[in-house]
Structures are given as structure tokens and as C-alpha cells.
1. Consider all pairwise Cα distances in the stretch B:1-92 and report the whole-number % of them above 17 Å.
2. In degrees from 0 to 90, rounded to the nearest 10, what is the angle of the helix B:47-59 Cα long axis to the longest principal axis of chain B?
3. Just round it to a whole percent: the fraction of Cα-Cα distances in the protein assembly as shown exceeding 24 Å.
4. Quickly rank B:80-92, B:43-55 as a protection proxy: mean count of other C-beta atoms within 10 Å, highest first.
5. How would A:13, B:24, A:72, A:109 line up from fewest to most surrounding beta-carbon atoms within 10 angstrom?
6. Sorted from shortest, what are the nm distances separating the label point of residue B:74 from equivalent points in the other copies, each placed 7 Å from Cα along Cα to C-beta?
7. Using Cα atoms only, what is the angle between the long axis of helix B:82-106 and the major principal axis of chain B, expressed in degrees (0 to 90) to the nearest 10?
8. Specify, for chain B, the residue whose C-beta is closest to the rotation axis mapping it onto chain A, with the distance given in whole Å.
DNA sequence: AAAGATACATAAGAATTAGATGTATTAAAA
DNA sequence: TTTTAATACATCTAATTCTTATGTATCTTT
């Protein structure tokens, strides 16, 4: 990761919920690779961070899981529950709002896509 | 604070360095109030977070201090050292870059000032 | 056959911040 | 005039979150 790791703190759940809102179902490893791809290697989600997060989301009822076997290998898919979809929208809104505030506070100019 | 507190993690040093780069010298309490004012109460820097951060910056040689007495009350001013000025610029650049990445990843549209 | 990629997961430790608490002075309000 | 709120410093415990290390196992490519 090119950034100070602290910057990512607090954004992981939002990232996961957003990806799941765009993809119906994804498995853990796929999420790490997708983030890597979408950020051109700038953000690397580590598995040690991701799996506890996914389990927490599941415990909170925001995602549901289904196991699939690829040969003998287990693959665990995660999907958004209705509550998860709502939570994702809210988290995204909150992050956007936070960024607006930071941009104003620090007088910086991000370039949008 | 209106935001999930985790979001602020990793940005506090950047905020402090940026404010000091705009103000020559500030004291702790002033910093908390300035952030509150500039963000219209959206971000509240707690003293429990700020003072350890200021002390860390001082230990790293990024800020220098001078004590002043207002009547009998102590006031401790913090100023950027040359190294602090450089570090502040770099932190700001990093945060901007990180935000660009997050904006692209999450496909969000912050509104700039 | 070995190495690298895929895929799950846990656990210890580091880092950062919130919240509580403490001290003390000064100004404003009751 | 008393007490409350604001100013101003600071520390400490606990909570949270992530990194790093480790572990297991399968599949694919060299």
C-alpha cells in the first residue's frame, strides 16, 4: 500500500458494502483483488483485515453467505441483505460528507473521475 | 462529531500540520476551536486526542513550542519547524491522493468549495 | 517437483482515538 | 456573590481497527 495505513481505517466496511452493492455476490479473495484492480494497486486489502470485517458484517445481519465448492476448494460468497443495502448507502453518504468536510477544512482539490 | 469516529483516524496529524502551516503559531485549545469553526461543528477534535498528537509531533521535531502566560494561565504555543512544514506538505499530498483513489473506487462525487 | 496463486481463517500486537478524569484560571450569569 | 460555563493544560484506560505473522489446503503453471 502506498498510503499510510491509518488512512484506510474506518473505510473498509464502506468499501466492502459498496462492492457488494455492485456485484450481487463476491467471495473474500475476489474482493481483495477487485480493490487492488480498481485502485491500480494503491489500496491492498489484507486478508487479516477483510475476514474479520466480513464476519462482523454477517453477525450484524448486513450480509448473507453461501458456500460453494470449486472442486474440493471451498468458496464462500457474500451478498448484501436488505439491511446491508441500506447500511451501505448510509455509509457511502457519510464518507462522502466527511470528505467534503475534509476538502473544505484542508482546502484541497481532489480530481474527480 | 457527526461522523463515525474511525474516519478521522489517520487524519489528525495532517489537520494539525495544515492549520499550523496557515497560522504561524497556535495553542491546543485554539486548534480544537478552529477545527470546530471551519467544519461547522462537524469535526470535533477532542483534547484527549490532540495533546498526545501535539506531543508526538514535538518529539518528532515537527513542531516547536513556546510557553506564554496570560495572567496566571499557561498557554503553550506550537509552531511548525522546517521539517514540519515539509512533512505537512507531504501529508496533505498523500491525503489528497488517497481521496482521489477512494473517490474513484467508490464512484462518489464530492462537491468542492 | 516446486513454486506461485487461490482461498479460507485466526491471533498477537501496534496504533490511534474516544471518553473520563483531573487541575486551575477567568468570565459571565443567576 | 456564588455558581456555572468557558478557557487551557494534561493524562490514562478502554475500545476499535488494522497489520503482520501464521496456519491449512488446493490448484495451476513451470
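1. Numbers: 1992 of 4186 pairs.
Tail of P(r) above 17 Å: 48 percent of Cα pairs.
2. 80 degrees
3. On the way: 12689 of 25425 pairs.
Pairs farther apart than 24 Å: 50 percent.
4. Working: B:80-92: 17.0, B:43-55: 15.3.
Taking the mean over residues of other Cβ atoms within 10 Å, the ranking is B:80-92, B:43-55.
5. Details: A:13 19, B:24 9, A:72 5, A:109 12.
The order, fewest Cβ neighbours first, is A:72, B:24, A:109, A:13.
6. 5.7
7. 20 degrees
8. Result for the axis mapping B onto A: B:9, 2.
Read-outs throughout are calculated quantities, based only on the coordinates presented, and are distinct from any laboratory measurement. Bear in mind the structure is a predicted one, so any value in this text is a computation, not a measurement. Cβ: placed from backbone, ideal geometry, glycine included. Neighbour counts: every protein chain shown.
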